[in-house]
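Down below is the structure, laid out as C-alpha coordinates.
The values are calculated or read from the model by the stated rules, or taken from the named source; none is laboratory data. All values derive from a computational prediction rather than experimental measurement. Virtual Cβ from ideal backbone geometry, glycine too; neighbours counted across all protein chains shown.
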Amino acid sequence: MPEKKKVLIICGTAVGQMYLGVLLNRIWYVPVLVKTADEGVRVAQTDSFAVIILDGDISDAELNAALVLMRGDISVKAVPLAVFITGESSVKPESLIARGCSAVLTKPLDLAFVYTILARLSGQQRTTPRVPARMRVEIEEGTPDKSLTCINISEGGVYLRTHEPLPEGTALHLKFTLPRDVKPVELEAEVVRTAPLGIQIETEPGMGLRFRDIPEETRKRIKNFVQWELIGDLEWEAAI
(Lines give C-alpha, C1' and ligand atoms only; values in the text may rest on other atoms or scores of the structure.)
Protein backbone atom coordinates (compact mmCIF):
# COMPACT_ATOMS: atom_id res chain seq x y z
CA MET A 1 0.00 0.00 0.00
CA PRO A 2 1.52 3.36 -1.01
CA GLU A 3 2.24 5.95 1.66
CA LYS A 4 -0.43 8.59 2.17
CA LYS A 5 0.47 12.01 0.80
CA LYS A 6 0.08 15.05 3.01
CA VAL A 7 -2.42 17.78 2.09
CA LEU A 8 -2.72 21.22 3.67
CA ILE A 9 -6.37 22.28 4.10
CA ILE A 10 -7.16 25.95 4.72
CA CYS A 11 -10.73 26.37 5.95
CA GLY A 12 -12.13 28.81 8.49
CA THR A 13 -15.20 26.85 9.62
CA ALA A 14 -15.39 23.83 11.92
CA VAL A 15 -17.93 22.12 9.66
CA GLY A 16 -15.77 22.59 6.58
CA GLN A 17 -12.64 21.39 8.37
CA MET A 18 -14.43 18.29 9.61
CA TYR A 19 -15.83 17.46 6.18
CA LEU A 20 -12.63 18.02 4.24
CA GLY A 21 -10.47 16.33 6.86
CA VAL A 22 -12.61 13.19 6.91
CA LEU A 23 -12.99 13.17 3.11
CA LEU A 24 -9.26 13.49 2.42
CA ASN A 25 -8.43 10.82 4.96
CA ARG A 26 -10.90 8.41 3.38
CA ILE A 27 -9.43 8.86 -0.09
CA TRP A 28 -5.93 8.15 1.18
CA TYR A 29 -4.38 11.49 2.12
CA VAL A 30 -3.09 12.89 5.40
CA PRO A 31 -4.98 16.17 6.03
CA VAL A 32 -3.36 18.99 7.99
CA LEU A 33 -5.97 21.57 8.99
CA VAL A 34 -5.49 25.31 9.45
CA LYS A 35 -7.94 28.21 9.55
CA THR A 36 -6.13 30.91 7.54
CA ALA A 37 -3.61 31.30 4.74
CA ASP A 38 -1.22 33.00 7.17
CA GLU A 39 -1.34 29.97 9.44
CA GLY A 40 -0.92 27.69 6.41
CA VAL A 41 2.27 29.45 5.34
CA ARG A 42 3.71 29.14 8.85
CA VAL A 43 2.98 25.40 8.88
CA ALA A 44 4.44 24.97 5.37
CA GLN A 45 7.71 26.52 6.50
CA THR A 46 8.40 23.42 8.60
CA ASP A 47 6.53 20.75 6.62
CA SER A 48 5.97 19.76 3.00
CA PHE A 49 2.68 19.07 1.20
CA ALA A 50 1.63 17.42 -2.05
CA VAL A 51 -1.37 19.76 -2.49
CA ILE A 52 -2.96 22.76 -0.78
CA ILE A 53 -6.75 23.02 -0.60
CA LEU A 54 -8.31 26.43 0.06
CA ASP A 55 -11.99 26.78 0.94
CA GLY A 56 -12.82 29.82 -1.19
CA ASP A 57 -16.19 30.60 0.39
CA ILE A 58 -14.90 33.66 2.18
CA SER A 59 -15.16 37.38 1.45
CA ASP A 60 -13.58 38.68 -1.75
CA ALA A 61 -11.04 40.64 0.27
CA GLU A 62 -10.03 37.54 2.27
CA LEU A 63 -9.82 35.41 -0.87
CA ASN A 64 -7.70 38.00 -2.67
CA ALA A 65 -5.34 38.29 0.29
CA ALA A 66 -5.07 34.50 0.59
CA LEU A 67 -4.24 34.08 -3.10
CA VAL A 68 -1.62 36.85 -3.05
CA LEU A 69 0.02 35.23 -0.04
CA MET A 70 -0.20 31.62 -1.26
CA ARG A 71 1.12 32.37 -4.73
CA GLY A 72 3.80 34.75 -3.51
CA ASP A 73 5.36 33.03 -0.49
CA ILE A 74 8.39 30.86 -1.26
CA SER A 75 7.22 28.17 1.19
CA VAL A 76 4.05 27.36 -0.77
CA LYS A 77 4.05 29.00 -4.19
CA ALA A 78 5.35 25.87 -5.94
CA VAL A 79 2.74 23.60 -4.31
CA PRO A 80 -0.40 22.90 -6.41
CA LEU A 81 -3.33 24.93 -5.06
CA ALA A 82 -6.94 23.73 -5.42
CA VAL A 83 -9.77 26.11 -4.49
CA PHE A 84 -13.24 24.88 -3.49
CA ILE A 85 -16.15 27.27 -4.09
CA THR A 86 -19.94 26.98 -4.17
CA GLY A 87 -21.67 26.90 -7.55
CA GLU A 88 -23.36 30.22 -6.72
CA SER A 89 -20.08 31.99 -5.97
CA SER A 90 -19.50 35.31 -7.71
CA VAL A 91 -15.87 34.32 -8.23
CA LYS A 92 -15.18 32.98 -11.71
CA PRO A 93 -13.07 29.83 -11.91
CA GLU A 94 -11.19 31.28 -14.89
CA SER A 95 -10.05 34.24 -12.80
CA LEU A 96 -8.73 31.92 -10.10
CA ILE A 97 -6.80 29.85 -12.63
CA ALA A 98 -5.38 33.02 -14.12
CA ARG A 99 -4.14 34.00 -10.67
CA GLY A 100 -2.11 30.84 -10.20
CA CYS A 101 -4.61 28.29 -8.86
CA SER A 102 -4.06 24.78 -10.19
CA ALA A 103 -7.72 23.71 -10.06
CA VAL A 104 -11.14 25.04 -9.03
CA LEU A 105 -13.82 22.64 -7.77
CA THR A 106 -17.42 23.49 -6.96
CA LYS A 107 -19.63 22.33 -4.10
CA PRO A 108 -21.45 20.06 -3.64
CA LEU A 109 -18.38 18.02 -4.42
CA ASP A 110 -18.34 15.24 -6.99
CA LEU A 111 -16.07 12.79 -5.20
CA ALA A 112 -14.81 11.07 -8.34
CA PHE A 113 -13.88 14.43 -9.88
CA VAL A 114 -12.18 15.59 -6.67
CA TYR A 115 -10.23 12.35 -6.52
CA THR A 116 -9.13 12.62 -10.16
CA ILE A 117 -7.99 16.23 -9.78
CA LEU A 118 -6.11 15.62 -6.54
CA ALA A 119 -4.49 12.50 -8.01
CA ARG A 120 -3.24 14.55 -10.96
CA LEU A 121 -1.96 17.37 -8.76
CA SER A 122 -0.27 15.07 -6.24
CA GLY A 123 1.14 12.58 -8.75
CA GLN A 124 -0.93 9.58 -7.69
CA GLN A 125 -1.28 6.79 -10.25
CA ARG A 126 -4.80 5.73 -9.28
CA THR A 127 -7.36 8.14 -10.76
CA THR A 128 -10.66 6.76 -9.38
CA PRO A 129 -11.55 6.11 -5.72
CA ARG A 130 -12.22 2.55 -4.58
CA VAL A 131 -14.08 1.14 -1.59
CA PRO A 132 -14.24 -2.24 0.14
CA ALA A 133 -17.19 -4.27 -1.16
CA ARG A 134 -17.76 -7.90 -0.28
CA MET A 135 -19.91 -9.49 -2.97
CA ARG A 136 -19.86 -12.53 -5.21
CA VAL A 137 -18.82 -12.00 -8.81
CA GLU A 138 -19.82 -14.63 -11.37
CA ILE A 139 -17.28 -15.43 -14.08
CA GLU A 140 -18.23 -17.33 -17.20
CA GLU A 141 -14.83 -18.67 -18.13
CA GLY A 142 -11.23 -19.28 -17.17
CA THR A 143 -11.28 -19.93 -13.42
CA PRO A 144 -11.74 -23.15 -11.41
CA ASP A 145 -14.51 -21.41 -9.42
CA LYS A 146 -17.38 -19.89 -11.34
CA SER A 147 -17.72 -17.11 -8.79
CA LEU A 148 -15.14 -15.19 -6.77
CA THR A 149 -15.32 -12.72 -3.89
CA CYS A 150 -14.88 -9.02 -4.68
CA ILE A 151 -12.57 -7.27 -2.20
CA ASN A 152 -12.92 -3.71 -3.49
CA ILE A 153 -14.43 -1.84 -6.41
CA SER A 154 -14.10 1.46 -8.26
CA GLU A 155 -15.78 2.74 -11.39
CA GLY A 156 -12.67 1.58 -13.18
CA GLY A 157 -12.49 -2.03 -11.99
CA VAL A 158 -12.58 -4.63 -9.21
CA TYR A 159 -10.17 -6.75 -7.19
CA LEU A 160 -11.19 -10.41 -6.86
CA ARG A 161 -9.85 -12.79 -4.23
CA THR A 162 -8.40 -16.03 -5.60
CA HIS A 163 -5.40 -18.26 -4.91
CA GLU A 164 -5.12 -18.94 -8.65
CA PRO A 165 -5.10 -15.59 -10.46
CA LEU A 166 -5.30 -15.65 -14.24
CA PRO A 167 -2.53 -14.22 -16.44
CA GLU A 168 -2.49 -10.48 -17.05
CA GLY A 169 -4.36 -9.63 -20.23
CA THR A 170 -7.00 -12.34 -19.74
CA ALA A 171 -10.45 -11.12 -20.81
CA LEU A 172 -13.42 -12.07 -18.61
CA HIS A 173 -17.18 -11.57 -18.54
CA LEU A 174 -18.41 -10.55 -15.08
CA LYS A 175 -21.83 -10.51 -13.47
CA PHE A 176 -22.55 -9.12 -9.99
CA THR A 177 -25.06 -7.13 -7.98
CA LEU A 178 -23.91 -4.11 -6.02
CA PRO A 179 -24.75 -4.04 -2.29
CA ARG A 180 -28.21 -2.52 -1.67
CA ASP A 181 -28.97 -2.82 -5.41
CA VAL A 182 -31.29 -5.28 -7.14
CA LYS A 183 -30.32 -5.00 -10.80
CA PRO A 184 -27.36 -7.20 -11.82
CA VAL A 185 -24.35 -5.64 -13.52
CA GLU A 186 -22.75 -7.41 -16.47
CA LEU A 187 -19.39 -6.18 -17.76
CA GLU A 188 -16.37 -7.17 -19.78
CA ALA A 189 -13.08 -6.87 -17.91
CA GLU A 190 -9.38 -7.57 -18.30
CA VAL A 191 -6.86 -8.83 -15.75
CA VAL A 192 -4.29 -6.06 -15.21
CA ARG A 193 -2.63 -7.06 -11.93
CA THR A 194 -2.10 -10.28 -9.98
CA ALA A 195 -1.05 -11.07 -6.42
CA PRO A 196 -0.38 -14.81 -5.93
CA LEU A 197 -0.67 -16.29 -2.44
CA GLY A 198 2.33 -15.45 -0.26
CA ILE A 199 3.96 -12.91 -2.59
CA GLN A 200 2.74 -9.81 -0.73
CA ILE A 201 1.83 -10.31 2.92
CA GLU A 202 -0.23 -7.11 3.12
CA THR A 203 -2.28 -7.92 -0.01
CA GLU A 204 -4.98 -10.56 -0.26
CA PRO A 205 -4.15 -13.06 -3.01
CA GLY A 206 -6.13 -12.31 -6.13
CA MET A 207 -6.28 -10.28 -9.31
CA GLY A 208 -7.15 -6.73 -10.26
CA LEU A 209 -9.51 -6.34 -13.21
CA ARG A 210 -10.09 -3.24 -15.33
CA PHE A 211 -13.56 -2.77 -16.80
CA ARG A 212 -13.70 -2.55 -20.60
CA ASP A 213 -16.24 -0.54 -22.63
CA ILE A 214 -18.37 0.12 -19.55
CA PRO A 215 -21.83 1.56 -20.40
CA GLU A 216 -22.39 5.05 -19.01
CA GLU A 217 -25.46 4.01 -17.00
CA THR A 218 -23.50 1.19 -15.35
CA ARG A 219 -20.52 3.45 -14.68
CA LYS A 220 -22.82 5.95 -12.92
CA ARG A 221 -24.34 3.21 -10.76
CA ILE A 222 -20.91 2.07 -9.61
CA LYS A 223 -19.74 5.67 -9.15
CA ASN A 224 -22.80 6.49 -7.01
CA PHE A 225 -22.21 3.38 -4.90
CA VAL A 226 -18.56 4.33 -4.31
CA GLN A 227 -19.46 7.93 -3.48
CA TRP A 228 -22.16 6.86 -1.02
CA GLU A 229 -19.81 4.40 0.69
CA LEU A 230 -17.17 7.11 1.12
CA ILE A 231 -19.17 10.21 2.03
CA GLY A 232 -22.83 9.22 2.31
CA ASP A 233 -22.68 9.86 6.06
CA LEU A 234 -21.23 13.36 5.68
CA GLU A 235 -22.96 16.68 5.11
CA TRP A 236 -21.27 19.95 4.36
CA GLU A 237 -23.08 23.24 4.70
CA ALA A 238 -21.68 26.28 2.91
CA ALA A 239 -19.76 28.66 5.12
CA ILE A 240 -21.86 31.50 6.52
Please go through region 34-56 and give me each residue that is buried (at least 20 other Cβ atoms within 10 Å of the Cβ), in a strand (DSSP E or B) and out of contact with any Ser or Thr (no Cβ under 8 Å at 6 or more places or on another chain), ordered by number. I52, I53, L54
Only one of A66, A82, A78, A61 is of a type in the set (G, A, S) and under 21 Å from W28 (Cβ atoms), namely A82
Those residues of region 1-33 which are of a type in the set (K, R) and outside any helix (DSSP H, G or I) amount to K4, K5, K6
Name the one entry in S48, S89, S102 that is of a type in the set (S, T, N, Q) and at pLDDT 95 or above. S102
Selection from region 100-141 of residues farther than 22 Å from V185 by Cβ, among the hydroxyl-bearing types (S, T, Y) and in a loop (DSSP other than H, G, I, E, B) yields S102
Of all residues in region 68-93, how many are closer than 25 Å to Q124 by Cα and not in a strand (DSSP E or B)? 10
